[in-house]
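A.B. asks: Could you have a look at this structure, given as structure tokens, before my questions?
The values are calculated or read from the model by the stated rules, or taken from the named source; none is laboratory data. These figures come from a predicted structure and were not determined experimentally. As a convention, Cβ positions derive from the backbone with ideal geometry for all residues, glycine included, and neighbour counts pool all protein chains shown.
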Ligand code: ADP
Ligand code: CA
């Protein structure tokens, strides 16, 4: 019998089940490099995990790389894939050094830095907002020349942490200072370099609803597998609250989104793997890229959005690509198989979490496939524009988009986070 393929999955939080389940379905064994904040017990129990390989990528990337190379020499594995945003450059470098399929180190650096993405889009003649990169907090005056409102954000951030809309020029200095402080508190920079590069990006506000696109890339060929609807997010902070797939949009707009997303992959030099791209539809019609992440989005729930709206087993296909194989869907036509919704329970005021009310009845609802909680009672949840985690994520399936909309309203009414009394 041929040996089962083995892949190193780096920093995938084990309470997010999607990639682990996909590996199990696809018959792939995982060597899991646990994320720093994961528990060894939970990591060891995840589906398809046959081995845990703790590495200190953040603090000691060189040591982590040599430990990984030692592990490879002892018994080679067949692939490596990133399970969170911060490890994308490390995984690209490791893949390169071990001769495995992955992003080039250059492409990994581009997608980890929102300034580089903006420059690449500009060079490629693709759509983008006016922007100014600020290298130190005093440089905020450079951004006064932009058309307001603007959005201030970390150049290497995630999860809308430190992302602030500013309507008024008088408030810009304060917003930049606030974002800068969050960058320092959270050590947001490009990991895996001798001097982590940090900075702030200020860009013109793109007015229109938001969509996300999940793609697979194999030998430079890009396939946009699914487009989902994130809705209107007006700020001043950008807490994500939902996704619905497939997005109910006219064919011309879907085609325009696809063209923009494919163009961005070429502009960023992404030739292998899977990506999560966010765009705004300016005026409701013109897609403009916000950013792209070279990994599965949302800790993997974007897999479920695609899988049960199109039939494409996105996470399993991503694993196959990282094993150097052609995805099974590569020669198949997409199909519409259903409607999927993701609801993220809002953090609200933040504080020490007591519980999330209403989850028990949601867990028992036959429409619901997953309820995932990453924050335990007693833990501190920071309100936006700070970020420390999502209180709970509910993934459900519906007969129609209208049913998904109605269910979202039901969840918004019935679920809320209760915090301990402030002492
Ligand atoms: P992050 O890496 O933190 O997710 P994003 O660039 O995706 O950074 O910004 C987070 C959110 O902030 C986006 O999903 C979007 O809603 C909002 N946002 C960011 N930049 C802009 C912009 N130029 N115009 C409008 N909204 C923006
Ligand atoms: Ca984002």
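A.B. asks: Does the stretch 212-227 contain at least one residue that is out of contact with any helix residue (DSSP H, G or I) (no Cβ under 7 Å at 6 or more places or on another chain), modelled with pLDDT of 95 or more and more than 21 Å from residue 268 (Cβ to Cβ)?
C.D. replies: no
A.B. asks: On to the next question. Test residue 260 against the criterion of being part of a loop (DSSP other than H, G, I, E, B), within 16 Å of ligand 2 (Cβ to nearest atom) and in contact (Cβ under 8 Å) with a residue 24 or more places away in the chain, and give yes or no.
C.D. replies: Judged against the criteria, residue 260 is not a match.
A.B. asks: Only one of 247, 316, 267 is away from ligand 2 (no atom under 14 Å from the Cβ), farther than 24 Å from residue 331 by Cα and crowded, with 19+ Cβ neighbours inside 10 Å; which?
C.D. replies: Only one candidate qualifies: 267.
A.B. asks: Taking helices (runs of 4 or more DSSP H) that fall entirely within the stretch 71-165, which contain at least 3 residues that are surrounded by 18 or more Cβ atoms within 10 Å (Cβ to Cβ) and within 16 Å of ligand 2 (Cβ to nearest atom)?
C.D. replies: The qualifying helices (runs of 4 or more DSSP H) are 114-124.
A.B. asks: A further question on this structure: Can you pull out every residue in the stretch 129-163 that is under 22 Å from residue 88 (Cβ atoms) and more than 9 Å from ligand 1 (Cβ to nearest atom)?
C.D. replies: Passing the criteria: 133, 155.
A.B. asks: Can you pull out every residue in the stretch 97-110 that is under 19 Å from residue 265 (Cα atoms) and without any contact (Cβ under 8 Å) to a residue 24 or more places away in the chain?
C.D. replies: Correct list: 105 only.
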